[in-house]
Amino acid sequence: MENKTFQVKILVIDDEQDIREGCERILSRMECKVVTAPDGAKGLNILETQDISIVLSDIKMPGISGLEVLSQITEKYKSVMVIMITGFSTVETAIEAMKKGAYDFVSKPFSPDQLRIVVKRAIEKLHLTWESQALKLEQQKNLADLETEQSRTRAIIETLPNGVLVTNMLNQIVLMNPVARKYLGLAADKGVGTQIQDCIEDKGFHDYIKSVSECKTDDQEGTIKSHELALSDERYILVQGRPITGEDNECLGTVINLSDITAMKVFDRLKSEFVSKVSHELRSPLSVIHEQLAMVMKGEILDESSDNQYILGRAKDKAKNLISLIGDLLDLSKIEAGSTGKEPEKIQLGDFIGKIVEFLNTEAVKKDQTLEFNLPEKELPEVKADPIALESVFGNLISNAIKYTPEKGKIVVSIETEDHNIKVKVKDSGFGIEQRHISRIFEKFYRIKDDNTRFINGTGLGLAIAKTLVNELKGDILVESKAGKGSLFTVLLPVSK
């Protein structure tokens, strides 16, 4: 709190002029403002009109006595400090005055030092009293501001469209808005002070809250994954939490945001069902068309003029592309539905990827490309994964490298270990990717269209599928590329424990 300078105003009441003038002279040198009165009546009149802090009053005065003055001051001016001036013969009276509320007394005749000591002690107490009052007022103001702020914050939280839940270190609910209570279906007796596990039975939810409250993170950037809560009435709540930390970064609790994603889940399910149904309906007739076009091109139904062959070849390629697109859509719908294929099993990546490279080498040979496969000298640890998912990931990456590398280019597939991960690299000398496209190449149906790639057929789903599958395997996929300088795709997979 800022220090303030207080000026003390002292009233001296005494019927002796020498005493009044002497006190005024001594106290003025102590930077006090001094006023005097010759008797009690005039002194009380001054108190009514001026802001007096300390009164020095003689006990024995004509008219109103010093004790009478003291009585009226203690009744009307409780903040004023009274020092009694007395002679040797009236010490007992001075002691009686102190019992009735006087702060101190000084006996006549007194020296300047005696007067200064008594008055200085009174001034110090007065300053302490003023500062204490100022602190009290400041505290009251801060409490009022805090109460206003808390009221404002509570009003904001209670009107939020999402549910808000706050827990402490003991996983007890300390704050919950009406939306959170509605989402979680909590009874009136379940709320503030209740253990979170007594409100929701979902163990995954409990583990998630515990991990957040312990400040456990899932990646190097410090972000914490969300949790999806499935309720009994076929509603889905997205749970997103952040830890509450103190000044020393100790975890004090959690703030949980609850969002109803039921409509989104229903939409995703309907979308997947639609894609799956349409894909199944289109696959069979397109396969027939593709096969019949192949038969026409090989047979004698039409003459073998270059125009006919070109038209039929384009039709065959387009039918093949549609079949490929439908296959990718079906794969994607299975992945999104949580059905990726076989159960995870331990896989030796060297042999596994070697077979994929051997199979795809035929495509590389057609373009007069070099497809290399490099293994480290030491034996590779195993990874636990769905083999169909891994085949899709590396099949897509190597096929893309061949597809987007011109003739006589080079593709190198290599494997190495790093900490607890296996790192698989697919590097090509192809067309490369401009920086503006890199952040979007894993989006569904996103394809780069330029002079180099406009004649290359593709669905725009391969990298999206690869990214989704790698994420499900608790891995990551990275890309480095420059236009005209080729690309490097790196897949990180955790080692099997």
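No value in this document is a laboratory result; all are computed from the given coordinates. Predicted, not measured: the structure shown is a model, and the values here were computed from it. FYI the Cβ positions are ideal-geometry reconstructions off the backbone, even for glycines, and counts take in every protein chain you see.
Report, in debye and to the nearest 20, how large the dipole of the stretch 370-497 comes out about its Cα centre when Lys and Arg carry +1 and Asp and Glu carry -1 on their Cβ. Please list the in-between numbers first.
Numbers: 19 positive and 18 negative charges, 99 e Å.
Here the stretch 370-497 has a charge dipole of around 480 debye.
Going by amide H atoms built from the backbone, whose H comes under 5 Å of the H on V12, apart from near neighbours?
The list, which skips near neighbours in sequence, is V35, T36, A37, L56.
Within a Cβ distance under 14 Å of D39, other residues only, what is the Lys/Arg minus Asp/Glu net charge? Please list the in-between numbers first.
Working: positive: R20, K42, K60; negative: D14, D15, E16, D58, E68.
Residues close to D39 contribute a combined charge of -2.
What is the diffusion coefficient of the stretch 1-128 in µm²/s, taking the Kirkwood radius over Cα pairs and the Stokes-Einstein relation at 25 °C with a viscosity of 0.890 mPa s?
Working: Rh = 14.5 Å.
Answer from the Stokes-Einstein relation: 169 µm²/s.
Which one of N257, L175, G241 has its Cα pushed farthest toward the positive end of the charge dipole of the stretch 160-260, where Lys and Arg give +1 and Asp and Glu give -1 at the Cβ?
Most positive-ward Cα: L175.
Could you compute the FRET efficiency for I46 and D198, with r as their C-beta to C-beta distance and R0 at 56 Å, rounded to 0.05?
Numbers: r = 70 Å, r/R0 = 1.25.
It comes to 0.20.
Can you tell which of Q114, G43, S79 lies farthest toward the positive end of the dipole of the stretch 1-119, using +1 and -1 charges on the Cβ of basic and acidic side chains (Lys, Arg; Asp, Glu)?
Farthest towards the positive end: S79.
With charges set only on the Cβ (+1 for Lys and Arg, -1 for Asp and Glu), what does the dipole of the stretch 9-135 come to about its Cα centre, in debye to the nearest 20?
300 debye
Kindly flag which residue pairs out of K346/K366; K203/K474; K225/K444 have an alpha-carbon separation exceeding 31 Å in this structure.
K346/K366
Enumerate the amide H contacts of E382 below 5 Å, restricted to partners 5 or more residues apart or on another chain; note that Pro and chain-start residues carry no placed amide H.
Those lying under 5 Å, H to H, from E382 are S496.
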